[in-house]
Amino acid sequence: MIPTPPVPDALIEAMLSHEASIIIGHKNPDADCLNSQYLVQSILHYFHKKTLLLSPGPFERQEIKQFEHHFSTAIPDSFLKLQPLVIIVDCSTPDRIEPFNEVIEGLTVAVIDHHAAGTDFGDIRYVFPKAFSVTFLIYHIMKKMKVPLNAVDAQRVLFGLAADTGFFRHINEGRSEVFSMVAELAEAGASPRDIYQTMYGDRSYQSRKLLGLLLTRTESNYDGRLLVTWETLEENDLYGEAERDSDSLYAQLLAVKGCEVVLYFRQEAHLRCTVGFRAGANSSIDVGLIASGLGGGGHKKASGTALAMELGKAMTTVIGILAFYLGS
C-alpha cells in the first residue's frame with residue numbers, strides 16, 4: 001500500500017473561509033475531471049457555500065455529454081465580486097483551463113491534481129502523482145472534513161477512479177488501498193456495473209465502424225513494440241468525437257504481444273493534429289514525459305498533446321522521438 005499524503009490544512013481553511021468558490025476543470029474534460037468538480041461542489045454545499053462549476057468543454061465524449069448543462073462557460077461579474085476561492089481539479093498546467101486563466105488573476109487558487117508532469121502553479125496545492133484519480137484525492141478530503149458519503153457522491157468517486165484506471169486495468173500489486181476504497185464506495189451505493197455500462201456500453205454502429213477502420217490500418221514499428229494508427233481530417237469530420245471509442249482502441253492494441261507503446265493521431269484541422277499516447281503495463285517508457293516535451297502532458301502510461309502540424313509531419317515527428325526509446 002502507498003500512503004496518501006495528508007490533506008493540506010491550508011486547503012481546508014480556504015474552502016471553509018471563503019463564502020464562494022469557482023470550481024474549474026481542464027479543457028476536453030473526462031469523467032475524472034467532471035466528477036471531481038461535482039464532488040468539490042458537494043463538499044462546499046455541505047458547508048452552505050456558494051459554488052460555480054466552470055468548464056471550457058467541449059463535452060463530446062459519449063460518457064460525459066449528459067453533464068454539459070451543469071457547467072458554465074463564463075464567470076458572472078456578480079460572482080467575481082465575492083472574491084471567490086478558485087479550485088482547479090485534474091489540471092497540470094494553467095493553459096489547460098483557457099480562457100479562464102486570465103479571468104481568475106488576483107484570486108486565491110487551489111489545485112487538486114495527480115499528474116506527474118506539469119507546472120507548479122496555484123497558491124495551495126494538493127498534488128499526488130501516485131493517486132489513480134483526482135476523485136481518489138477528493139474522497140480523502142471528504143473524509144478529512146467529515147462530509148457524509150451518500151450514494152450519488154460514492155458513484156462519482158468510483159466513476160472517476162474507474163475511468164482513470166481503465167476500469168482497474170492499470171493497477172499494480174501493492175495498491176490494496178484502491179480496492180478497500182471501492183468496497184467502501186459499493187457499500188455506500190456506488191454501482192460498478194452501471195459505471196461500466198456508461199463507459200463502454202450503448203455504443204453506436206458507426207463507432208464500431210470507426211474502431212474497425214482504426215484497427216485495420218494500424219502499422220507496426222520496431223518489431224511490433226510501437227503500434228501506430230491515425231484518423232484523417234475527413235474521417236474526423238465524418239465520425240466526430242461522439243463516435244470515437246479511444247479506450248477500446250487502446251485496449252485492443254495494447255493487448256498485442258510485444259506492444260509497448262500505442263500512438264493514435266487525429267487530424268482535427270489543417271494545421272492541428274492531436275496525438276494520444278498509451279504505454280503497456282510492462283513498458284518502461286514514460287509517455288507522460290514524452291507528451292510533456294511536446295507541449296502536452298498526462299500520466300506515465302497515458303498522455304496526449306496537440307501539434308500545429310499536418311498529419312504526415314506529426315506522425316514523422318513523434319515516431320522519430322519514439323525511436324530514441326525503442327531503437328533507431
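The values are calculated or read from the model by the stated rules, or taken from the named source; none is laboratory data. Please read all numbers here as calculations on a predicted model, not as lab measurements. All Cβ positions, even for glycine, are placed from backbone atoms using ideal geometry, and neighbour counts span all protein chains on display.
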Quick check on my filter: what residues within the range 214-235 are buried (at least 18 other Cβ atoms within 10 Å of the Cβ) and under 25 Å from P29 (Cα atoms)? L214, V228, T229, W230, E231
Check whether at least one residue in the range 136-158 is buried (at least 19 other Cβ atoms within 10 Å of the Cβ) and of a type in the set (D, E, K, R), and report yes or no. yes
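Within the range 159-177, take every residue that is part of a helix (DSSP H, G or I) and either without any contact (Cβ under 8 Å) to a residue 24 or more places away in the chain or not acidic (D, E) (or both) and give me the one that is surrounded by the most Cβ atoms within 10 Å (Cβ to Cβ). Talk me through it step by step, then tell me what you get.
Going residue by residue through the range 159-177, those that are part of a helix (DSSP H, G or I) are 159-164, 176-177.
Then drop every residue that is not either without any contact (Cβ under 8 Å) to a residue 24 or more places away in the chain or not acidic (D, E) (or both), which leaves 159-163, 176.
Numbers: F159: 28, G160: 31, L161: 28, A162: 25, A163: 25, S176: 11.
Here the answer is G160.
Select from the range 186-221 the residues that are outside any loop (DSSP other than H, G, I, E, B) and among the charged types (D, E, K, R) and list them in ascending order. Spell out the reasoning first.
If we filter the range 186-221 for residues that are outside any loop (DSSP other than H, G, I, E, B), which is where we start, we get 186-188, 192-200, 205-216, 219-221.
Of everything in the range 186-221, those that are outside any loop (DSSP other than H, G, I, E, B) and among the charged types (D, E, K, R) turn out to be E187, R193, D194, R208, K209, E219.
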I need the full set of residues from the range 270-280 which are out of contact with any helix residue (DSSP H, G or I) (no Cβ under 7 Å at 6 or more places or on another chain) and assigned to a strand (DSSP E or B), in order please. R272, T274
By my count, strands (runs of 3 or more DSSP E) wholly in the range 1-98 with at least 1 residues that are surrounded by fewer than 18 Cβ atoms within 10 Å (Cβ to Cβ) are 20-24, 50-54
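Please count how many residues of the range 267-325 are of a type in the set (F, W, Y) and at pLDDT below 95. Break it down into steps so the answer makes sense when it comes.
Step one: list which residues in the range 267-325 are of a type in the set (F, W, Y), which gives 277, 324-325.
Those still in the list that are at pLDDT below 95 too: 324-325.
Residues in the range 267-325 being of a type in the set (F, W, Y) and at pLDDT below 95: 2 in total.
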Near pairs, Cβ below 7 angstrom, 6+ apart or cross-chain, from the range 250-272 (assigned by TED's automatic domain parsing to the domain that holds G304) to any residue that is among the small types (G, A, S) and part of a strand (DSSP E or B): E260/A279; V261/A279; Y264/G276; R272/A306
Among the residues of the range 281-328, the number that are in contact with a helix residue (DSSP H, G or I) (Cβ under 6 Å, 6 or more places away or on another chain), among the β-branched types (V, I, T) and either in a helix (DSSP H, G or I) or free of Cβ contacts under 8 Å to residues at least 40 places away in the same chain (or both) is 1
Please indicate, with yes or no, whether at least one residue in the range 105-125 is more than 25 Å from G295 (Cβ to Cβ), modelled with pLDDT under 95 and either within 16 Å of the chain's Cα centre (by Cα) or not in a loop (DSSP other than H, G, I, E, B) (or both). no
Conditions (1) at pLDDT 90 or above; (2) surrounded by 15 or more Cβ atoms within 10 Å (Cβ to Cβ) -> S180 fails only (2)
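Can you spot a residue in the range 43-62 that is among the hydrophobic types (A, V, I, L, M, F, W, C) and modelled with pLDDT under 90?
Step one: filter the range 43-62 for residues among the hydrophobic types (A, V, I, L, M, F, W, C), giving 43-44, 47, 52-54, 59.
Checking which are modelled with pLDDT under 90 leaves us with 59.
Yes; the residues of the range 43-62 include at least one that is among the hydrophobic types (A, V, I, L, M, F, W, C) and modelled with pLDDT under 90.
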Right, V262: in contact with a Gly (Cβ under 7 Å, 6 or more places away or on another chain) and either outside any strand (DSSP E or B) or not small (G, A, S) (or both) or not? no
Consider the range 103-127. How many of its residues are farther than 21 Å from G304 by Cβ and crowded, with 19+ Cβ neighbours inside 10 Å? 6
